[in-house]
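Read the structure below first, then the notes.
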Amino acid sequence: MTDHRVRDVYIVDAVRTPVGKYGGALAGLRPDDLAAKVLRALVDRTPALDPARIDDVCFGDANGAGEDNRNVARMAVLLAGLPVTVPGVTVNRLCGSGLEAVVQMARALALGDAHLAVAGGVESMSRAPYVLRKSESAYPAGHQELSSTTLGWRMVNPRMRPEWTVSLGEGAELIADLHGITREQQDVFALASHQKAVRAWRDGAYDAEVVALPEVALARDEPIREGSSLESLSKLKPVFRTAGGTVTAGNSSPLSDGAAALLLADEEGLRATGREPLARIRASAVTGVEPQLFGLGPVEAVRRALDRSGRGFGEVAAFELNEAFAAQALGCIGQWPDLDPSVVNPRGGALAIGHPLGASGARLAGSVAHQLAALGSGTGLAALCIGVGQGLALVLER
């Protein structure tokens, strides 16, 4: 008889690379190699596991236009030296891609379609290529225009409403306008992100999850600015609005490179690893908002995920909220009056650590799992805003 019960899904382990800044220490590494590095490290940390037992590998990747083309998850499986029988699939929910990979693999495990899976994400914004459209006619005589694939809208469909296709930074400015978030509030939030990240690295909080890359000399997340101050942040000019703007390079997440991966299992798979899990996956939710207000996408996604898990904001002990922009993060936090802000990004957020698009969701989920393991018990949240107007949230517990 077929077993139709929904199975519990566990995060057995989670690893990530240090995050590199744009054109920095990781710029020389291809994204498929970055993905392979975390996949290999994840497997090596569980020596009792036969890699051939991994039923699927799913990676999030927001670009896919360069060396991460042709299904980067499958490429990572091959480059990591896993058995060729281990399949791989790549998903794209832009900034939420890495977390989408976790959600999709968790569903497969919960339904009994797999017992062991790897979910992760990767992005090399440094190596994102320029792309050239195909000509509408043969043998064009004029010059052709290249489009950068590093970030944001490109080759926009003219049928899209103009208000939907503003830059991501202008979207953050709109949120600041909507919720009355000042430049000073954004800078204070950004400074705190750097200070928390510095303290976390100093105290060894990331030792359990960050794996070294022998090819590069990068001891910690490269974008962190240890000497940042409110004075230095206040001197930066607005980037997206010349008149009355509040969003600067200092209160925006930097372009970044990196990868992250999680080992997921049901009860049967867990026994094969011989390990105690970090956390259990409880629920998830995805929602849509007006594209120009993409930064507020997590607001309803988090509410729905918590409701599905039977938990409330007062029970959240660890919350990793992606900091695409300080204005965006503050706009979300302000909509959750029952949330204790002190549990949000206690080890620093993307403003300091960086935001390698396809990897960030996997980084957040892994960080929450490690935090819950360190706490011993509790409810955790991982959530991201997503370009073009979406929000994605995941609830964990231990």
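Which of the residues that make up region 45-67 are in a loop (DSSP other than H, G, I, E, B), closer than 20 Å to Val15 by Cα and open to solvent by less than 40 Å² (accessible area, probe 1.4 Å)?
Thr46, Leu49, Ile54, Asp61, Ala62 - these are the residues of region 45-67 that are in a loop (DSSP other than H, G, I, E, B), closer than 20 Å to Val15 by Cα and open to solvent by less than 40 Å² (accessible area, probe 1.4 Å).
This table checks each residue for (1) without any contact (Cβ under 8 Å) to a residue 12 or more places away in the chain; (2) farther than 24 Å from Pro129 by Cα; (3) among the aliphatic types (A, V, I, L, M).
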position: Tyr10; (1), (2), (3): no, yes, no
position: Leu26; (1), (2), (3): no, no, yes
position: Ala36; (1), (2), (3): no, no, yes
position: Thr46; (1), (2), (3): no, yes, no
position: Cys58; (1), (2), (3): no, no, no
position: Asn71; (1), (2), (3): no, no, no
position: Val77; (1), (2), (3): no, no, yes
position: Pro83; (1), (2), (3): no, yes, no
position: Asn92; (1), (2), (3): no, no, no
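Would you mention how many residues in region 170-228 are of a type in the set (Lys, Arg) and closer than 19 Å to Ala362 by Cα?
1
Show the residue pairs that are 6+ apart or on different chains and have beta-carbon atoms under 9 Å apart, the first residue being within region 312-326 and within 16 Å of Ser193 (Cβ to Cβ), the second being among the basic types (Lys, Arg) and open to solvent by 30 Å² or more (accessible area, probe 1.4 Å).
Note: pairs meeting the criteria are Glu320/Arg347.
Which of the residues spanning region 202-217 are closer than 22 Å to Pro341 by Cβ and either touching a residue at least 24 places away in the same chain (Cβ under 8 Å) or in contact with a Lys or Arg (Cβ under 6 Å, 6 or more places away or on another chain) (or both)?
Those that are closer than 22 Å to Pro341 by Cβ and either touching a residue at least 24 places away in the same chain (Cβ under 8 Å) or in contact with a Lys or Arg (Cβ under 6 Å, 6 or more places away or on another chain) (or both): Ala205, Tyr206.
Could you please find all residues in region 1-17 being buried (at least 24 other Cβ atoms within 10 Å of the Cβ), in contact with a Gly (Cβ under 7 Å, 6 or more places away or on another chain) and either closer than 22 Å to Thr150 by Cβ or not hydrophobic (A, V, I, L, M, F, W, C) (or both)?
Listed by number, the residues that qualify are Arg16, Thr17.
One line per residue, one yes/no per condition, for (1) free of Cβ contacts under 8 Å to residues at least 24 places away in the same chain; (2) surrounded by fewer than 16 Cβ atoms within 10 Å (Cβ to Cβ); (3) part of a loop (DSSP other than H, G, I, E, B); (4) not aliphatic (A, V, I, L, M):
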| site | (1), (2), (3), (4) |
| --- | --- |
| Gly245 | no, no, yes, yes |
| Ala249 | yes, yes, yes, no |
| Gly258 | no, no, no, yes |
| Arg271 | yes, yes, no, yes |
| Arg282 | no, no, no, yes |
| Val286 | no, no, no, no |
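Going residue by residue through region 323-345, is there one that turns out to be acidic (Asp, Glu), buried (at least 21 other Cβ atoms within 10 Å of the Cβ) and part of a strand (DSSP E or B)?
So far as region 323-345 goes, no, none of its residues is acidic (Asp, Glu), buried (at least 21 other Cβ atoms within 10 Å of the Cβ) and part of a strand (DSSP E or B).
Limited to region 151-177, what total is found for residues that are assigned to a helix (DSSP H, G or I) and aliphatic (A, V, I, L, M)?
5
Within the set of pairs 6 or more residues apart or between chains, which connect a residue that is without any contact (Cβ under 8 Å) to a residue 60 or more places away in the chain inside region 116-141 to a residue that is open to solvent by 70 Å² or more (accessible area, probe 1.4 Å) and part of a loop (DSSP other than H, G, I, E, B) with Cβ atoms less than 8 Å apart?
Leu132/Gln144; Leu132/Glu145; Arg133/Gln144; Arg133/Glu145; Arg133/Met155; Ser135/Gln144
Against the conditions (1) without any contact (Cβ under 8 Å) to a residue 60 or more places away in the chain; (2) open to solvent by 40 Å² or more (accessible area, probe 1.4 Å); (3) under 21 Å from Leu330 (Cβ atoms), where does Leu233 fall short? Just the number, please.
Evaluating Leu233 over (1) without any contact (Cβ under 8 Å) to a residue 60 or more places away in the chain; (2) open to solvent by 40 Å² or more (accessible area, probe 1.4 Å); (3) under 21 Å from Leu330 (Cβ atoms) leaves (2) as the failure.
Looking only at region 309-322, count how many residues are in a helix (DSSP H, G or I), touching a Ser or Thr at 6+ places or on another chain (Cβ under 8 Å) and either open to solvent by 10 Å² or more (accessible area, probe 1.4 Å) or modelled with pLDDT under 95 (or both).
The number of residues fulfilling the criteria is 1.
Filter region 4-43 for residues that are within 24 Å of Arg275 (Cβ to Cβ), of a type in the set (D, E, K, R) and not in a helix (DSSP H, G or I) and give the result.
Across region 4-43, the qualifying residues are Arg5, Arg7, Asp8, Asp13, Arg16.
For Val72, are the conditions met, namely being touching a strand residue (DSSP E or B) at 6+ places or on another chain (Cβ under 7 Å), open to solvent by less than 70 Å² (accessible area, probe 1.4 Å), under 29 Å from Ala208 (Cβ atoms) and not hydroxyl-bearing (Ser, Thr, Tyr)?
Judged against the criteria, Val72 is a match.
Looking at (1) farther than 30 Å from Leu29 by Cβ; (2) touching a strand residue (DSSP E or B) at 6+ places or on another chain (Cβ under 6 Å); (3) free of Cβ contacts under 8 Å to residues at least 60 places away in the same chain; (4) of a type in the set (Gly, Ala, Ser), which is the only condition Ala110 fails?
All conditions are met except number (3).
For region 92-106, what are the residues that are touching a Cys at 6+ places or on another chain (Cβ under 9 Å), under 11 Å from Cys58 (Cβ atoms) and surrounded by 23 or more Cβ atoms within 10 Å (Cβ to Cβ)?
Scanning region 92-106 gives Glu100, Ala101, Val102, Met105.
The values are calculated or read from the model by the stated rules, or taken from the named source; none is laboratory data. Predicted, not measured: the structure shown is a model, and the values here were computed from it. Positions of Cβ are generated from backbone atoms using ideal geometry, with glycine treated the same way; all protein chains shown enter the neighbour counts. For accessibility, only protein heavy atoms count, side chains too; no ligands or nucleic acids. Shrake-Rupley method; radii C 1.70, N 1.55, O 1.52, S 1.80 Å.
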